[in-house]
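The values are calculated or read from the model by the stated rules, or taken from the named source; none is laboratory data. The model shown is predicted, which means the values in this text are computed figures rather than measured ones. Using ideal geometry, Cβ is built from the backbone for each residue, glycine included, and neighbour counts are taken over all protein chains shown. Each accessible area value is taken on the protein alone, full model and side chains, heavy atoms only, with ligands, DNA and RNA left out. Shrake-Rupley method; radii C 1.70, N 1.55, O 1.52, S 1.80 Å.
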Amino acid sequence: MGVTPKIAPSMLSSDFSNLASEAERMLNCGADWLHMDIMDGHFVPNLTIGAPVIESLRKHTKAYLDCHLMVTNPIDYVEPFGKAGASGFTFHIEVSKDNWQDLIQRIKSKGMRPGVSLKPGTPVEEVYPLIECENPVEMVLVMTVEPGFGGQKFMPTMMEKVKTLRNRYPSLDIEVDGGLGPSTIEMAASAGANCIVAGSSVFGAPEPAHVISLMRKSVQEAQQNN
């Protein structure tokens, strides 16, 4: 398939008072990326972290910081997140329909990898132009819950979006986020997702390394079988 498994524990489920040590613990458990949930209290009702926290964490880790911006005005965040050391910058299609070409260009100019996310109610076709343009996004994040809160139940119906994207774009990084764990990973992996965000299923596990290993193995086996 040309894409590699990437397991990204969601730091929203970590102990924020020990963010640097939690990040190190996840990497020692085998995490490929660290997923950072940025919520503005407007696009979604919750409010989490901003560029200053990314900047602080960057001083303690060289890890890929996979930033998911659930914000109304993503273009305002590009420069501060680039300066802070974000690795990936994933914005929502629902708020970027008019200026996404400029947004993608700015993200790349700041040394970050652009991605686009879609909420459960958004048709998958809306992201096609962002993948097929001259200056495309490099990842699509399919939300398998409503964005804004951790601990929600996985929506199996979202796997049709993943299948559609994988069939259309064999070499695209496709990320899933929401309710992923040992009981749901096979559905996501067999649909074609290769980037797996998992929060409570990893941080709440007695052995997080086992859960991360299990999820990576599921993605690898699904890729071999497809």
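How many lysine pairs does the chain hold where the Cα atoms are under 23 Å apart and the two sit 8 or more places apart or on different chains?
29
Give me the percent relative contact order of region 20-135, please, defined on Cα pairs under 8 angstrom at least 6 residues apart.
Details: 172 pairs, mean separation 24.5, N = 116.
Answer for region 20-135 is 21 percent.
Tell me which residues come under 5 Å, amide H to amide H, from LYS6 once H is placed; ignore anything under 5 positions away on its chain.
CYS195, ILE196
In whole Hz and in residue order, list the ³J(HN,Hα) couplings for region 173-184 that follow from phi through the Karplus curve 6.51 cos²θ - 1.76 cosθ + 1.60, θ = phi - 60°; x for Gly and Pro.
6, 10, 9, 10, 8, x, x, 7, x, x, 7, 10
Quick one: what are the phi-derived ³J(HN,Hα) couplings along region 119-132, Karplus 6.51/-1.76/1.60 with θ = phi - 60°, whole Hz, x for glycine and proline?
Ordered by residue, 3J(HN,Hα) equals 6, x, x, 8, x, 5, 4, 5, 8, 3, x, 7, 8, 9 Hz.
Hey, what did region 139-226 get for relative contact order, percent, Cα under 8 Å, at least 6 apart?
Working: 137 pairs, mean separation 25.2, N = 88.
Rounded, it is 29 percent for region 139-226.
With θ taken as phi - 60° and the coefficients 6.51, -1.76 and 1.60, list the Karplus ³J(HN,Hα) couplings across region 9-22 in order, rounded to whole Hz; mark glycine and proline as x.
Computed from phi, the couplings for region 9-22 are x, 7, 5, 4, 8, 7, 7, 5, 6, 10, 4, 5, 5, 5 Hz.
Non-local amide H neighbours of SER117 (under 5 Å, H modeled in plane, Pro and chain starts lacking H): which ones?
Amide H neighbours of SER117: PHE91, HIS92, ILE93, LEU141.
Report the antiparallel proportion of the DSSP beta bridges in the chain as a percent, rounded to a multiple of 5. Display every interim value, and only then the final one.
Values: 1 of 33 bridges.
That works out to approximately 5 percent antiparallel.
In region 79-157, which GluC sites (Glu not before Pro) are in a loop and have at most 15 other Cβ atoms within 10 Å, using DSSP for the loop call? Mind showing how you got there, number by number?
Details: sites: GLU94, GLU125, GLU126, GLU132, GLU134, GLU138; in loops: GLU134, GLU138.
The qualifying sites are GLU134.
Given the rule -39500 (n - 2.57) for each run of at least 4 DSSP H residues, summed and divided by the residues of the chain, what is its mean residue ellipticity at 222 nm, to the nearest 500 deg cm²/dmol? Display every interim value, and only then the final one.
Working: 9 runs with 79 residues, N = 226.
Helix-only estimate at 222 nm: -10000 deg cm²/dmol.
Please work out the C-alpha center-to-center distance from region 26-63 to region 105-150 and express it in whole Å.
18 Å
Consider the candidate values (i) 7, 29, 31, 17, 11, 4, 0; (ii) 8, 37, 40, 15, 0; (iii) 6, 22, 23, 17, 14, 11, 6, 1; state which one is P(r) over Cα pairs in 10 Å bins from 0, in percent computed from the structure displayed.
(ii)
May I ask you to derive the relative contact order of the chain, considering only C-alpha pairs under 8 Å and at least 6 residues apart, and to give it as an integer percent?
Working: 454 pairs, mean separation 46.7, N = 226.
21 percent.
Give the accessible surface of region 170-226 per residue, rounded to a whole number of Å², with probe radius 1.4 Å and ligands, DNA and RNA excluded.
Details: 2340 Å² over 57 residues.
Accessible area per residue: 41 Å².
Using +1 at the C-beta of Lys and Arg and -1 at the C-beta of Asp and Glu, which of ILE7, MET139, GLN152 has the Cα lying farthest in the positive direction of the dipole of the chain?
ILE7
DSSP loop trypsin sites (Lys or Arg not before Pro) in region 45-88 with at most 12 other Cβ atoms within 10 Å of their Cβ, which ones? Display every interim value, and only then the final one.
Values: sites: ARG58, LYS59, LYS62, LYS83; in loops: LYS59, LYS62.
The qualifying sites are LYS59, LYS62.
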